[in-house]
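Visitor: Here it is: the structure, laid out below.
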Amino acid sequence: MMTPSMNSYWNSRYADGRIWGDDATPSARMADDWFRKYQISEVLVPGCGYGRNSMWLAKQGFQVTAFDVSDVAIQLATEDASRRGINVNYLVGDLFDPVVLNGMQFDGIYLSNVLHLFLAGDRQRLMERMDAMVKPGGMLALTCISVYDQNNYGIGREVEADTFEKHEGKPLHFYTEEELLRIFEGKYEVLTHTLHTQTESDPSGESENLQLWFVVGKKR
Ligand SMILES: C[S@@+](CC[C@H](N)C(=O)[O-])C[C@H]1O[C@@H](n2cnc3c(N)ncnc32)[C@H](O)[C@@H]1O
């Protein structure tokens with residue numbers, strides 16, 4: 001069940017190449033610390049884009065599987081990993097397609113800046129999908145944009161509570177602390193949740209500071 005509009009939107013973004021550069025995000029480094037502390041070895045990176053974080057996590061010694069709906073992104077990732085001699089199991093796949101990695105579970109999941117791209121119903125389905133893919137006792141580490149992001153919060157049409165379309169048809173959901181903790185409630189012990197700044201540069205030379213949540217839950 002591929003999402004054609006998502007696929008073509010992200011393919012057109014990645015036609016410009018490695019749009020946010022090659023460095024791993026600050027939260028990949030934060031996730032690395034937590035994964036090590038809890039002796040995680042297999043890590044899944046859903047919505048991995050062109051692989052800046054999945055490759056970095058593989059270099060840290062994790063056994064990494066990563067997928068994205070954009071075949072252009074996965075081609076960039078695969079070529080770069082092979083050029084650099086880094087071993088990551090990359091595949092093209094839709095987060096909402098139950099056939100993708102069907103029945104597989106991982107010690108850890110690192111989900112960077114994906115959850116906030118969807119409306120409420122799909123965010124819930126996405127969390128259910130993540131829950132199904134983490135082993136009991138395993139860890140879900142994710143980032144999502146917060147209501148404290150002054151560059152983006154409130155820009156565009158509010159299509160649902162705290163959800164704005166700066167670009168038509170491209171919702172961004174901004175999380176309060178309360179909502180963030182609620183989505184982990186019951187199923188996970190929250191080990192940490194913290195705000196941090198991620199500076200994202202794009203090919204035009206512009207850069208912006210995103211105010212993101214980073215949260216790590218240990219599945220019960
Ligand atoms: C904001 S980018 C983040 C990319 C990457 N996680 C990072 O931090 O560099 C969101 C990513 O989610 C992917 N994505 C969006 N919808 C998806 C879906 N339904 N299934 C799989 N990946 C999806 C996009 O192709 C894009 O690579």
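Derivation of every value follows stated rules applied to the coordinates shown; laboratory data play no part. These numbers come from a predicted model, not from an experiment.
Visitor: Could you sort out which of K59/K166; K37/K187; K59/K219 sit more than 29 Å apart by Cα distance in this structure? Before the final figure, lay out the partial values.
Guide: On the way: K59/K166 36 Å; K37/K187 20 Å; K59/K219 25 Å.
Pairs exceeding the cut-off: K59/K166.
Visitor: With the cut-off at 1.5 for a/c, could you classify region 6-114 from its C-alpha gyration tensor as rounded, prolate or oblate? Before the final figure, lay out each step's value.
Guide: Values: a/c = 1.70, a/b = 1.26, b/c = 1.34.
Oblate, since a/c reaches 1.5 and b/c is not below a/b.
Visitor: Counting only Cα, what are the radius of gyration and maximum Cα-Cα distance Dmax of region 23-219, in Å?
Guide: Radius of gyration, then largest Cα-Cα span, for region 23-219: 16.1, 45 Å.
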